[in-house]
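A.B. asks: Input: one structure, supplied below.
The values are calculated or read from the model by the stated rules, or taken from the named source; none is laboratory data. This one's a predicted model, so the numbers in the text were calculated from it and none came from an experiment. Cβ placement follows ideal geometry from the backbone for every residue including glycine, while neighbour counts extend to all protein chains displayed.
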């Protein structure tokens with residue numbers, strides 16, 4: 001198969017972790033006999049420096065013409081004073097909209113070998129396997145009007161949370177279909193006791209649930225869900241929620257299972273999927289070769305599964321990551337106190353080698 005990917009390294013640690021994700025993708029394509037084409041483009045702060053646009057047209061066209069997009073990270077404190085339309089994050093929001101990726105899938109799994117890396121007790125986090133399905137193109141991140149007005153000292157700011165029934169329904173159906181392929185348990189998270197948007201959200205999800213009677217459906221307020229994520233995270237299966245709540249809860253879930261650096265994500269629903277680790281650009285550690293590339297590498301697994309339907313190859317990446325972690329190899333963010341840790345390059349190399357060995361074993365069994 002031709003695997004055609006546009007790679008957007010971005011800012012901060014983005015280029016470092018993306019380099020290891022591409023390394024893994026190249027090794028996997030070679031091991032399984034696929035043709036891989038990667039085109040690298042700028043986005044975010046890197047694009048602002050080169051073209052004064054956080055999403056240049058040539059970057060967007062490359063993304064639209066590819067089979068999938070692999071992103072590193074965008075942003076940094078040096079851009080905090082920029083106007084909103086020229087901030088690195090505005091390029092990412094525009095890219096999501098242009099690609100039409102309305103459903104963001106964020107798995108949070110606690111590997112047995114990392115149970116003691118969670119800030120929670122091992123007996124609480126054990127068995128945690130959550131899939132957060134976050135609506136990505138609506139809500140307060142895209143609603144209008146949004147503005148700051150008035151003279152300094154007497155300013156007011158307005159952001160608008162807005163959802164339509166169709167926007168809620170389409171992401172709900174994605175979540176219910178995914179729940180059917182897992183443990184058939186879906187929790188919809190909202191703030192329906194306060195927000196009209198959430199009342200509409202709950203009403204639509206309740207209606208859609210009638211088409212999925214085989215899935216156990218329940219509702220939680222976002223504050224209760226945040227508390228439950230740290231008191232009994234293993235009880236959750238699929239969590240469906242709106243844009244801002246999903247952004248916050250998925251970061252919390254990452255901490256529960258050990259580190260933001262461990263989580264990948266898939267943004268789907270449009271003709272071209274967007275795949276990225278959920279961590280930010282982490283400028284404080286950029287360039288030090290200590291960032292955790294596992295989230296970026298697991299994003300490659302999701303890219304293979306969702307955009308190219310290569311389930312065997314995706315599973316190979318995931319099992320190789322699990323095997324490397326089980327063997328005790330760690331980056332700094334998940335290393336035990338007093339234990340040595342590997343660099344970004346070294347952990348990427350371990351995973352790439354594990355994939356090569358696993359692919360060779362698969363070929364031998366098949367022959």
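A.B. asks: Might you check whether a residue that is crowded, with 18+ Cβ neighbours inside 10 Å, touching a strand residue (DSSP E or B) at 6+ places or on another chain (Cβ under 8 Å), at pLDDT 95 or above and in a loop (DSSP other than H, G, I, E, B) occurs anywhere in region 243-261?
C.D. replies: no
A.B. asks: Given the criteria over 30 Å from residue 281 (Cβ atoms) and without any contact (Cβ under 8 Å) to a residue 40 or more places away in the chain, does residue 165 qualify?
C.D. replies: Considered against the rule, which asks whether it is over 30 Å from residue 281 (Cβ atoms) and without any contact (Cβ under 8 Å) to a residue 40 or more places away in the chain, residue 165 comes out as yes.
A.B. asks: If you go through region 280-291, how many residues are closer than 21 Å to residue 104 by Cα and buried (at least 19 other Cβ atoms within 10 Å of the Cβ)?
C.D. replies: 1
A.B. asks: Of all the strands (runs of 3 or more DSSP E) wholly in region 1-108, which have at least 2 residues that are touching a residue at least 40 places away in the same chain (Cβ under 8 Å) and in contact with a helix residue (DSSP H, G or I) (Cβ under 6 Å, 6 or more places away or on another chain)?
C.D. replies: Of the strands (runs of 3 or more DSSP E) lying wholly inside region 1-108, those with at least 2 residues that are touching a residue at least 40 places away in the same chain (Cβ under 8 Å) and in contact with a helix residue (DSSP H, G or I) (Cβ under 6 Å, 6 or more places away or on another chain) span 2-10, 68-73.
A.B. asks: Let me ask something additional. Quick one: which strands (runs of 3 or more DSSP E) lie wholly within region 110-165 and hold at least 1 residues that are farther than 30 Å from residue 176 by Cβ?
C.D. replies: 147-149, 156-158
A.B. asks: Given 296, 314, 359, which one is at pLDDT below 95 and not in a loop (DSSP other than H, G, I, E, B)?
C.D. replies: On inspection, the qualifying residue turns out to be 359.
A.B. asks: Still on this structure, please answer the following. When you look at residue 93, is it within 30 Å of residue 325 (Cα to Cα) and outside the structural domain of residue 168 (by TED's automatic domain parsing), yes or no?
C.D. replies: no
To keep it simple, each residue is scored yes or no on (1) within 20 Å of residue 125 (Cα to Cα); (2) in the same structural domain as residue 15 (by TED's automatic domain parsing).
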{"position": "224", "(1), (2)": "yes, no"}
{"position": "227", "(1), (2)": "yes, no"}
{"position": "244", "(1), (2)": "no, no"}
{"position": "254", "(1), (2)": "yes, no"}
{"position": "308", "(1), (2)": "no, yes"}
{"position": "317", "(1), (2)": "no, yes"}
{"position": "322", "(1), (2)": "yes, yes"}
